[in-house]
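Everything on this sheet refers to the single structure shown next.
The values are calculated or read from the model by the stated rules, or taken from the named source; none is laboratory data. Computed from a predicted model, the values in this text were never measured in an experiment. Heads up, the Cβs are rebuilt from the backbone with ideal geometry, glycines too, and the neighbour counts pull from every protein chain shown. Note: accessible area is taken over every heavy atom of the protein model, side chains too, but ligands, DNA and RNA are not part of it. Shrake-Rupley method; radii C 1.70, N 1.55, O 1.52, S 1.80 Å.
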Amino acid sequence: MAESEATGEIGEIFADIREAMNIPLVTSIWRILAGIDGALAATWHVAGPVIRSGQVDASAARLHDEVSWPEPARAFSGPAGDDLETIRAIVAAYTRSNTLTLLVLSALIDDPVGEPSNLRVPAAPAAWPELPALQEHDRIDARTWALIEQVNRIGATPDEPGVATLWRHLAAWPDVLATISAGVAPLQTEGSYGVALATTQSIVAAEAGRLAHLRSAAAVPAAARARIEPYVRHPGLVQRMVVIGGIVTCWLEEAESNR
């Protein structure tokens, strides 16, 4: 289900997710759960207390600080000014949404381990600017779609060929898609992407066990769990987008500081 199509209870839950997570958009798994009878409401009921504790933000801050995000060999080349700020906001929105979702949904399917999470909660992010509308596939020209498919191959696996929504949201800047592909794909070949992925997996596993203490006592429905578990466990799904998002976020920050 597209966010723009959500009405009634689903629209209200999507709005609650955006507010509680302080994000301008919801990631695909929440929209997938909306298509399963009762799954979205039940899952959000269990996840809400974890998010509202602020500890998922703290875990995300730890992840951002402790992963050594590899740096592409080339400098980021792309638009400046308002366009660059919009691109940075889009990447930041998806990276935050993906990271928080990976952590909180992992906490819903993992057993509690150790002591409950009690990290220092970071300050809330600044207000989000208005993001451009997400373009549908049939509104994107063939050349740009080819670039979307090219950049989407980074970290992807043959059994999970779906196109990450972030790349569609950057369709207005095909040269940026080409730059990201050329800069980040070699990191997978030379191994530093894999190191960042492994570190991310390790930190998420540790944090999920501590966050699991904070969830509601209610059970996640089996139909929801069947979609959530592969989504958070498979390295070609949200894990890869957290890693790519971290890499590109740091790359864009460096580009901005060098202008």
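Taking each residue of segment 113-138 that is over 18 Å from GLY54 (Cβ atoms) and looking for partners that are acidic (Asp, Glu) and surrounded by 10 or more Cβ atoms within 10 Å (Cβ to Cβ) with beta-carbon atoms closer than 9 Å, six or more apart or interchain, yields PRO129/GLU85; LEU134/GLU3. Within segment 151-174, can you find the residues that are open to solvent by less than 10 Å² (accessible area, probe 1.4 Å) and among the aromatic types (Phe, Trp, Tyr)? Answer for segment 151-174, where residues must be open to solvent by less than 10 Å² (accessible area, probe 1.4 Å) and among the aromatic types (Phe, Trp, Tyr): just TRP167. Filtering segment 202-218 to residues that are open to solvent by less than 70 Å² (accessible area, probe 1.4 Å) and either assigned to a helix (DSSP H, G or I) or acidic (Asp, Glu) (or both) leaves ILE203, VAL204, ALA205, ALA206, GLU207, ALA208, GLY209, ARG210, LEU211, ALA212, LEU214.
This table checks each residue for (1) closer than 30 Å to ASP175 by Cα; (2) outside any loop (DSSP other than H, G, I, E, B); (3) in contact with an Asp or Glu (Cβ under 6 Å, 6 or more places away or on another chain).
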position	(1), (2), (3)
ILE90	yes, yes, no
SER97	yes, yes, no
LEU100	yes, yes, no
PRO116	no, no, no
LEU119	no, no, no
ALA124	no, no, no
GLU130	yes, no, no
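Here TRP69 does not fit the description of being under 30 Å from THR199 (Cβ atoms), out of contact with any strand residue (DSSP E or B) (no Cβ under 7 Å at 6 or more places or on another chain), in a helix (DSSP H, G or I) and among the aromatic types (Phe, Trp, Tyr).
Which one is surrounded by the fewest Cβ atoms within 10 Å (Cβ to Cβ) among residues in segment 50-69 that are of a type in the set (S, T, N, Q) and over 14 Å from VAL242 (Cα atoms)? Checking each candidate, the answer is SER53. Taking the condition assigned to a loop (DSSP other than H, G, I, E, B), at pLDDT 95 or above, under 18 Å from the mean Cα position of the chain (by Cα) and surrounded by 11 or more Cβ atoms within 10 Å (Cβ to Cβ), does ILE148 pass? No; evaluated as a whole, the condition is false for this residue.
All conditions in (1) of a type outside the set (S, T, N, Q); (2) at pLDDT 95 or above; (3) closer than 29 Å to ALA171 by Cα; (4) assigned to a helix (DSSP H, G or I) hold for ASP83, with the sole exception of (2).
Within segment 37-49, the residues that satisfy the criterion of being open to solvent by 10 Å² or more (accessible area, probe 1.4 Å) and at pLDDT 95 or above are ALA41, ALA42, TRP44, HIS45, PRO49. Scanning segment 88-105 for any residue that is surrounded by 22 or more Cβ atoms within 10 Å (Cβ to Cβ), over 14 Å from the mean Cα position of the chain (by Cα) and modelled with pLDDT of 95 or more turns up nothing.
Scan ALA39, ALA80 and give me the residue that is more than 21 Å from GLU3 (Cβ to Cβ) and not acidic (Asp, Glu).
Criteria check complete, one pass: ALA80.
Scanning segment 219-253 for residues being in a loop (DSSP other than H, G, I, E, B) and within 17 Å of LEU63 (Cα to Cα) gives a total of 1. A count restricted to segment 5-36 and to residues that are open to solvent by less than 30 Å² (accessible area, probe 1.4 Å) and not in a helix (DSSP H, G or I) stands at 6. For segment 219-252, the tally of residues that are charged (D, E, K, R), in contact (Cβ under 8 Å) with a residue 60 or more places away in the chain and surrounded by fewer than 20 Cβ atoms within 10 Å (Cβ to Cβ) stands at 3.
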